[in-house]
Amino acid sequence: MSASLEEASAAVADAARSPDPMRTTPCRVRRVLRETADTFTLVLEPPGGSLGFAPGQFDMLYAFGAGEVPISISGDPGVPEVLVHTIRAVGSVTRMMQRLRPGDRVGVRGPFGTSWPVDLAHGHDVVVIAGGIGLAPLRPALLHLLAHRGLYGRLVLLYGARTPKDILFPRDLREWRGRFDVAVEVTVDRASPDWQGAVGVVTRLVDRAPFDPGSTLGLVCGPEVMIRFAVAALERRGVPSSEIHVSLERNMKCAVGLCGHCQMGPVFVCRDGPVFPYERVRPFFGLREV
Amino acid sequence: MSVETFEKILAEHPFFEGMRAEHVATLAGCVSNVKFDQGDYLFREGQPADRFYVVRFGRVTVETFAPTRGSIAIETVDAGDVLGWSWLFPPYKWHFDARAMTLVRAFALDGVCLRGKCERDPALGYELMRRFAQVIVSRLEATQLQLLDLYVSQP
């Protein structure tokens, strides 16, 4: 980060994450992890420690001098000392964030939004379906489920990526696959010749995944078309739509339900979401324009 | 493995779930046990499609070949899946290659034998057509999603 940006970040003075949701708090970058060619993870140190977050919530990250973007929290809710965000560099702000180095600062507002209802799944099976970078907002839920493994029935992760090189969190996936208490299936849409794993869309994994449809909570995140097909696959298996929750992504700007940029019919994704019971947002999935 | 054993295993397979017992018995009369080593082809594009497989162990990749690009994997088929529907529709030729990615054990069901039985028993023909139509629909749905290239970066 340049000196001028350091000065700018210092100007946004706050010693702890602010209780004012519109006020950004500068956080020091502790580490930058390269995940894939266009995706990276920022590990941030909030001054005075994190206020904590619930799995599925998001923060507004501010690259000083560039702008602010909504980013899901991808860290471990059991490790609140750091704030972890996994980001795909697709626009000017996120590309600037990709150039951050340890010691630089990022403004943070949050956490915002609803969370994955993991407590509803006590005693039941949990099926987590993630597509592409959709694994990032589900990672905190997975880490929570694994940390409280005894409270749940069977745990299944079905993850689809574009190519083997686009697979997020490969270390986590290897570790989880090594456990005997979680079923992890990874598939890619386009395989390289050396890929020995599954090829095909993630929704096809649902048919043979080991869970009891009558006692299962489904958590789904990814591109909306993928969500629609994943929900349909869960319903075909017999999971009631009332037991399926999805995380949506919209053009969130204020994060507190004021500006209306993320409005979808009667709901504000930033305030009422991003995690919704599927039945609440089902009517919008088939619409060409909301 | 006896015909009775084939019959029992087929009856318990999700693909044949709910099928009338006499139809399962008919299928069991057309089954053989097959094994493929890693790298073996179960079938090649353009060859006569005279059977289908119920994969019991291992992983098969369904591929197509493009000059200058080589073999392109379209999907993989795993234990529990049914592989191959070209035996049921003219011109009875495979549309893709299928290669064993691992050691593969499967039931092979004789398509020529079954086509004859379907001609004589339209109810069996309808049952098989209905179940394979579902396989084809599922394959088309998957292809639709793959074509959308959903995970590509979009600013």
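The values are calculated or read from the model by the stated rules, or taken from the named source; none is laboratory data. Not measured: the values here are computed from a predicted model. Here the Cβ is made from the backbone with ideal geometry for all residues, glycine too, and neighbour counts use every protein chain on show. For accessibility, only protein heavy atoms count, side chains too; no ligands or nucleic acids. Shrake-Rupley method; radii C 1.70, N 1.55, O 1.52, S 1.80 Å.
Brief remarks on what is shown
- Label-zone membership for region B:93-130, site residue B:32, 7 angstrom Cα→C-beta point, backbone N under 19 Å: B:93-94, B:98-100, B:104-117
- The A and B chains share an interface that buries close to 2300 Å² of accessible area, total over both sides, probe 1.4 Å.
- Size of the protein assembly as shown as Cα extents on the principal axes (Å, biggest first): 83, 47, 43
- Carbon/sulfur fraction of accessible area - the protein assembly as shown, other protein chains in place, 1.4 Å, %: 53
- Surface exposure of region A:118-247, expressed per residue as accessible area with a 1.4 Å probe, stands at 37 Å².
- Surface exposure of region A:19-112, expressed per residue as accessible area with a 1.4 Å probe, stands at 39 Å².
- Cα-based reach from residue B:8 at 25 Å (exclusive), listing lysines while leaving out same-chain residues under 8 positions away: B:35, B:117
- Look at where the Cα atoms of region B:97-155 and of region A:152-195 average out, and the two centres are 25 Å apart.
- Rounded to the nearest 500, the helix-only mean residue ellipticity at 222 nm of chain A stands at -6000 deg cm²/dmol, with each DSSP H run of n ≥ 4 adding -39,500 (n - 2.57).
- Inter-probe distance in nm under a simple model that places probes 7 Å from Cα toward Cβ, at residue A:179 and residue A:282: 3.1
- Estimated inter-spin distance, residue B:79 and residue B:113, nm [label 7 Å along Cα→Cβ]: 2.5
- In summary, the helical segments of chain B meeting the span-like criteria, namely a full DSSP H run, a Cα extent along the axis of 24 angstrom or more and a mean Kyte-Doolittle hydropathy of at least -0.5, are B:122-148.
- Each label point was placed 7 Å from the Cα along the Cα-to-Cβ direction; for residue A:258 and residue A:148 their separation is 3.3 nm.
- Taking a straight Cα-Cα cut-off under 18 Å and skipping sequence neighbours fewer than 8 places away in the same chain, the aspartates and glutamates within cross-link reach of residue B:93 are B:45, B:50, B:63, B:110.
- In chain A the longest region clear of trypsin sites (Lys or Arg not before Pro) that are loop-assigned by DSSP and have at most 13 other C-beta atoms within 10 Å covers A:180-287.
- Of the residues making up region B:126-148, those losing 10 Å² or more of accessible area when the isolated chain is joined by the remaining protein chains, with a 1.4 Å probe, are B:138, B:139, B:141, B:142, B:144, B:145, B:146, B:148.
- Only one residue of A:40, A:92, A:60 has its Cα farthest out toward the positive end of the dipole of region A:19-112, where Lys and Arg carry +1 and Asp and Glu -1 on Cβ, and that residue is A:92.
- Summing Cβ point charges (Lys, Arg +1; Asp, Glu -1) relative to the Cα centre of the protein assembly as shown gives a dipole of roughly 520 debye.
- Sequence-distant contacts, meaning Cα pairs under 8 Å at least 6 residues apart, place the relative contact order of region B:1-80 at 21 percent.
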